[in-house]
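Trainee: The structure that follows is given in the form of structure tokens.
The values are calculated or read from the model by the stated rules, or taken from the named source; none is laboratory data. Keep in mind it's a predicted model, so treat the numbers as computed, not measured. Cβ atoms come from the backbone with ideal geometry, glycine included; neighbour counts cover every protein chain shown.
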Amino acid sequence: MRVVRFDVGLILMPTAAWGQDQPAATGAFRVTWQPQTHPVASRMEGRVHNESRFPVTNVRLQIEGFDGDSRPVGRTSAWAIGDIAPGGETSFVFEAMPGGTIYQIKVYSFDVVSRHS
């Protein structure tokens, strides 16, 4: 499994080296991902880790795919599943893009869950 940390965005490169770490960036989210084994569709599966002090919900990811020469091959979005407690995590899935060998993923939006006293 590959671990990547980001606050503005990250670049994911599907390779055989799933255990490589990318330099940490300051931010509230960390993403891990790996290709998902599926007999029909080529999907990518990932997890969003909430490293903030606040519970969040409606986490939307923007995903851009690039070929080996860094030319864009597509763009899509995905939703992280459910609420994410501080220090917690949840998953997301997206279809791999034909020709895509590099993925840039950004947390596009999220909502902080209100706390009631």
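Trainee: Could you grab the pairs with beta carbons closer than 7 Å, sequence gap of 6+ or different chains, first residue in segment 84-111 and within 12 Å of Ala28 (Cα to Cα) and in contact (Cβ under 8 Å) with a residue 40 or more places away in the chain, second one part of a strand (DSSP E or B) and among the small types (Gly, Ala, Ser)?
Mentor: none
Trainee: Name the single residue that is surrounded by the most Cβ atoms within 10 Å (Cβ to Cβ) among those in segment 49-71 being in a loop (DSSP other than H, G, I, E, B) and among the small types (Gly, Ala, Ser).
Mentor: At the first step, the residues of segment 49-71 found to be in a loop (DSSP other than H, G, I, E, B) are 51-55, 67-71.
Next, only the ones that are among the small types (Gly, Ala, Ser) stay: 52, 68, 70.
Working: Ser52: 14, Gly68: 10, Ser70: 9.
Among those that are in a loop (DSSP other than H, G, I, E, B) and among the small types (Gly, Ala, Ser), it is Ser52.
Trainee: Can you find, within segment 77-96, the residue that is surrounded by the most Cβ atoms within 10 Å (Cβ to Cβ) among those that are of a type outside the set (Ser, Thr, Tyr) and in a strand (DSSP E or B)? Even if it seems obvious, please write down each step before you answer.
Mentor: To start, the set of residues in segment 77-96 that are of a type outside the set (Ser, Thr, Tyr) comprises 78-89, 92-96.
Subsequent filtering for residues that are in a strand (DSSP E or B) retains 78-79, 84, 89, 92-95.
Working: Ala78: 20, Trp79: 15, Ile84: 24, Glu89: 16, Phe92: 21, Val93: 15, Phe94: 20, Glu95: 17.
Looking at the filtered set, the residue picked out is Ile84.
Trainee: From the residues in segment 103-117 that are farther than 19 Å from Asn50 by Cα and either small (Gly, Ala, Ser) or not in a strand (DSSP E or B) (or both), which one is nearest to the chain's Cα centre (by Cα)?
Mentor: Out of the qualifying residues, it is His116.
Trainee: Of the residues Pro98, Pro72, which is over 15 Å from the mean Cα position of the chain (by Cα) and closer than 15 Å to Arg43 by Cα? If you could, list the steps in order and put the result at the bottom.
Mentor: Values: Pro72 fails: closer than 15 Å to Arg43 by Cα.
After ruling out the rest, the residue left standing is Pro98.
Trainee: Exactly one of (1) at pLDDT below 60; (2) in contact with a Gly (Cβ under 7 Å, 6 or more places away or on another chain); (3) farther than 14 Å from Val107 by Cβ is unmet by Phe66. Its number?
Mentor: Here Phe66 meets the rest and fails (1).
Trainee: Only one residue in Gly74, Gly100, Gly46 is small (Gly, Ala, Ser), surrounded by 17 or more Cβ atoms within 10 Å (Cβ to Cβ) and in a strand (DSSP E or B). Which one?
Mentor: Details: Gly74 fails: surrounded by 17 or more Cβ atoms within 10 Å (Cβ to Cβ); Gly100 fails: in a strand (DSSP E or B).
Just one listed residue meets the conditions, Gly46.
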